[in-house]
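To start, the structure under review is shown below, and the notes come after it.
The values are calculated or read from the model by the stated rules, or taken from the named source; none is laboratory data. Quick caveat, the model's predicted, so the values are computed rather than measured. So basically every Cβ, Gly included, is an ideal-geometry build from the backbone, and we count neighbours across all protein chains shown.
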Amino acid sequence: MSYKKYNDYELISMIRENDEDSYNLLFQKYSPIIRKIAFDYYRSYSSYGYDLDDFIQEGYVAFQKSLNKYNEKKDVLFYTFVVLCIHRNLISFCNCISNDKKNISDYYLVSLDDIILRCDDNSCTYLDRMENYKIIWDFVYHYSLEETCVFELRWNQFSFKEISILLDIPIRRCHGIFHKILNNLRKEIQEVL
């Protein structure tokens, strides 16, 4: 079955009658449009630490919302309505990530160089790499399971958004836990040095 055999209104009508094949056809039809619009926003906002997939996902969410809210009686093409919804959702997403107070993506990744500090008098060098890991994980594993999981996932280059979804906790909480442990860890290593 090809989406070219049906117009949008026929597919929407079938979707509202719980026809999953119709939903897949309409999704297949609009997927390249969603990806193109998401890519345009990604090019402008990629420096904020989010992947193209994050922008595409926001486009897919907008597509789903537009299916639920579309009203054919308002004399607006479905295509126009979908594109408008996608743009609005991506603009909202971009405003959120570009706002310093709201964006908590932390573009940087955690590395030993972020944590290990040199001695003030330059007489010390970095601790042996294996000793570093031992100090770090001995320290981190004294925290609760949730806190340890947040730190370990972030250490392994998961975004705060991914961690939030995996652990089912708010993004701001993930951010706060991570930075609490990171700051305490820096103090601990400073004392060791």
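Tell me yes or no: at least one residue of segment 17-26 is under 29 Å from Asn95 (Cα atoms) and in a helix (DSSP H, G or I).
Within segment 17-26 (the criterion being under 29 Å from Asn95 (Cα atoms) and in a helix (DSSP H, G or I)), the answer is yes, since at least one residue qualifies.
Among the conditions (1) surrounded by 13 or more Cβ atoms within 10 Å (Cβ to Cβ); (2) more than 18 Å from the chain's Cα centre (by Cα); (3) within 30 Å of Ile163 (Cα to Cα); (4) of a type in the set (S, T, N, Q), the only one that Ser22 does not satisfy is (3). Looking only at segment 138-165, residues that are in contact (Cβ under 8 Å) with a residue 12 or more places away in the chain and either among the hydroxyl-bearing types (Ser, Thr, Tyr) or closer than 24 Å to Asp53 by Cα (or both) come to 13 in all. Exactly one residue out of Phe158, Phe178, Phe151 is not assigned by TED's automatic domain parsing to the domain that holds Gly49 and not in a helix (DSSP H, G or I), and it is Phe158. Selection within segment 1-59: residues that are among the basic types (Lys, Arg) and farther than 30 Å from Arg154 by Cβ. The member of this set that is modelled with the highest pLDDT is Lys36.
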